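The values are calculated or read from the model by the stated rules, or taken from the named source; none is laboratory data. Model, not experiment: these values are computed from the prediction. As a convention, Cβ positions derive from the backbone with ideal geometry for all residues, glycine included, and neighbour counts pool all protein chains shown.
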Amino acid sequence: MDSRVILLAEDSEDDVFIIRKVLRDAFIENPIKVVKDGEQAIGYLSGLGKFGDRSEYPLPSLLLLDLKMPRKDGFDVLTWLRAQAQFRSLPVIVLTGSDDLNDVKRAYQAGATSFVTKPLGLKEARQILSDFLPIPSIAVDTPPQIIQTPPSSLITPPPGRSAA
């Protein structure tokens, strides 16, 4: 699996826009591939049809999954995903507008790693995603670099001036 790609399964263009903006504002610069429904999510992960070109559609290191999608919903995707040996360890964060406790319970039973109710805030995005993405690909409160100046004996003075 590509250590940087995030697969976002979301049918709402507005939610895709908001999620992309929140991730960008949180300095999460991982490539994001978007599919619009559960069938496309399964097709992407399976490498079916156009998704067979892994240079264009690499396997993700994280799946952000909406529950309420057309054709196949997020529960169907989770059930399929966890039945595939190669995807059993793929982290799946359910991002949904539903705060129904039955949906939460059902998502975890189907294999969700985390459950987040939309809208996703900047602080939540940074906290949650930093647990699942490789540290070099995500900038979360990284300390500034310390640049040391060379000793004065290594500095060449400008012409006409002598070194101190």
remark   = Taking the range 22-53 and the residues there that are among the aromatic types (Phe, Trp, Tyr) and at negative phi, the one that is farthest from the chain's Cα centre (by Cα) would be PHE51
query = Under the condition of being free of Cβ contacts under 8 Å to residues at least 60 places away in the same chain and among the aromatic types (Phe, Trp, Tyr), which residue from the range 24-51 is farthest from ASP76 (Cα to Cα)?
reply = PHE51
remark   = Scanning the range 39-59 for residues that are within 19 Å of SER12 (Cβ to Cβ) and in contact with a strand residue (DSSP E or B) (Cβ under 7 Å, 6 or more places away or on another chain), the one surrounded by the fewest Cβ atoms within 10 Å (Cβ to Cβ) turns out to be TYR44
request  = Go through the range 82-105 residue by residue and tally those that are closer than 13 Å to LEU7 by Cα and in contact with a Gly (Cβ under 7 Å, 6 or more places away or on another chain).
outcome  = 2
Positions within the range 76-118 being of a type in the set (A, V, I, L, M, F, W, C) and free of Cβ contacts under 8 Å to residues at least 24 places away in the same chain, in sequence order = ALA83, ALA85, LEU101, VAL104, PHE115, VAL116
message = If GLU56 satisfies all but one of (1) more than 18 Å from the chain's Cα centre (by Cα); (2) charged (D, E, K, R); (3) in a loop (DSSP other than H, G, I, E, B), what's the number of the condition it fails?
response = (1)
ask   = Do we find that LEU62 is at pLDDT below 95, buried (at least 20 other Cβ atoms within 10 Å of the Cβ), in contact with a Phe, Trp or Tyr (Cβ under 6 Å, 6 or more places away or on another chain) and closer than 23 Å to ASP131 by Cβ in this structure?
value = yes
note = Screening LYS21, LYS72 for residues that are closer than 24 Å to ALA110 by Cβ and either in contact with a Lys or Arg (Cβ under 9 Å, 6 or more places away or on another chain) or free of Cβ contacts under 8 Å to residues at least 60 places away in the same chain (or both) leaves only LYS72
task = Report yes if some residue within the range 81-93 is more than 22 Å from ASP131 (Cα to Cα), modelled with pLDDT of 95 or more and crowded, with 17+ Cβ neighbours inside 10 Å; otherwise report no.
result = no
query = Would a scan of the range 22-29 turn up a residue that is surrounded by 17 or more Cβ atoms within 10 Å (Cβ to Cβ) and at pLDDT 95 or above?
reply = no
